[in-house]
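All remarks here apply to the structure that follows.
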Amino acid sequence: MAYVALSRVRKQSGVHLTCFNPKSLMVCSKSIRKINRLRQLYRSDLPQYDIPGNRKGTQEKNLAYDLA
């Protein structure tokens, strides 16, 4: 449900969340690689996201990642 709501937002100012911790988001590293590839192709003016290494106790597919 959160994905659907957040995916429709066009501006950060249009979101009002209470008790939200950005570090609680789980992002697939494959998705980060795809975003970086698309940014390189179409928006080279935007920075690339770092992909954190596989930390002990986490799976690569479910990395906690701060996208803020």
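The values are calculated or read from the model by the stated rules, or taken from the named source; none is laboratory data. Not measured: the values here are computed from a predicted model. A quick note on method: Cβ atoms are made from the backbone with ideal geometry, for glycine too, and the neighbour counts reach across all protein chains shown.
A few comments on the model shown:
- Test result for residue 46, modelled with pLDDT of 75 or more and part of a helix (DSSP H, G or I): no
- Matching residues, the stretch 21-43, being exposed (fewer than 11 other Cβ atoms within 10 Å of the Cβ) and assigned to a loop (DSSP other than H, G, I, E, B): 21, 43
- Residue check for residue 51: touching a Phe, Trp or Tyr at 6+ places or on another chain (Cβ under 8 Å), surrounded by 13 or more Cβ atoms within 10 Å (Cβ to Cβ), among the β-branched types (Val, Ile, Thr) and modelled with pLDDT of 80 or more: no
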